Amino acid sequence: MLRLRPYKACDAEIITKWIKNEYAFRQWSADRYEKYPITSNDMNLYYDRDKNNKNIWGMTAFNDIGVVGHFTMRFPNNTYDEIRLGFVIVDDNERRKGYGKEMLSLAIQYAFDFIKVNKISLGVFENNTAAIKCYKSCGFKEVKLKNVESYQCMGEIWNCIEMELTK
């Protein structure tokens, strides 16, 4: 059984070890970090930039064995009726155990029942089929946007799929 708690700086030491190659790193972070691999210090410096921003925060999923997942939540607009998930990751050694779906289910419950939003959104690269499958299993639906968000990653253009879940 997973539980959620706010992200702590000590979590970075664990989370950064889950990313075993640059391809997976870019699927997770797009162009948000300058270099691969990142260190726990890099991750904490990135998060420290927003430590006083009330509209974004990190969450950590854990169970009896320890930290197994992480994601961010943020309000993408000033109406506070939507939460946007980002940096979603599960320990690569713990995949295929349902932790991703369980973690997202907790995030969904938290967003709808505690924060009282009407919509949860996220972006995922179209080449991240495992993540897309997990998001769909939690009820997220693809949203067609007029302009597709794209990133330059590893010498290629990677397109994002916008997904959302409404109450």
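Contact order, relative form, for segment 3-122: 25 percent (alpha carbon pairs under 8 Å, 6 or more residues apart, mean separation divided by residue count). Distance between the pseudo-spin-label points of Val143 and Arg49 (7 Å out from Cα toward the beta carbon): 2.4 nm. Separation of the alpha carbons by more than 19 angstrom is noted, of Lys17/Lys54; Lys8/Lys35; Lys54/Lys116; Lys35/Lys97, for Lys17/Lys54; Lys8/Lys35; Lys35/Lys97. Comparing Cα centroids, segment 16-58 and segment 117-167 end up 19 angstrom apart. Cα extents for the chain along the principal axes, largest to smallest and rounded to whole angstrom: 39, 36, 35.
For Lys101, go through the lysines and keep the ones whose alpha-carbon is under 20 Å away, minus same-chain ones fewer than eight residues off. Within the straight-line cut-off, Lys101 pairs with Lys119, Lys133, Lys136, Lys141, Lys167. Under a model in which nothing but the beta-carbon of Lys, Arg (+1) and Asp, Glu (-1) is charged, the chain shows a dipole of about 400 debye around its Cα centre.
Is it possible to state the helix-based mean residue ellipticity at 222 nm for the chain, with each DSSP H run of 4+ residues giving -39500 (n - 2.57), the sum divided by total residues, to the nearest 500 deg cm²/dmol? What is it? So the calculated ellipticity at 222 nm is -7000 deg cm²/dmol.
Laboratory data are not the source of any read-out in this text; all were calculated from the coordinates shown. Values in this document were obtained by computation on a predicted structure and should not be read as measured data. Please note: Cβ atoms are built from the backbone with ideal geometry, for glycine as well, and neighbour counts cover all protein chains shown.
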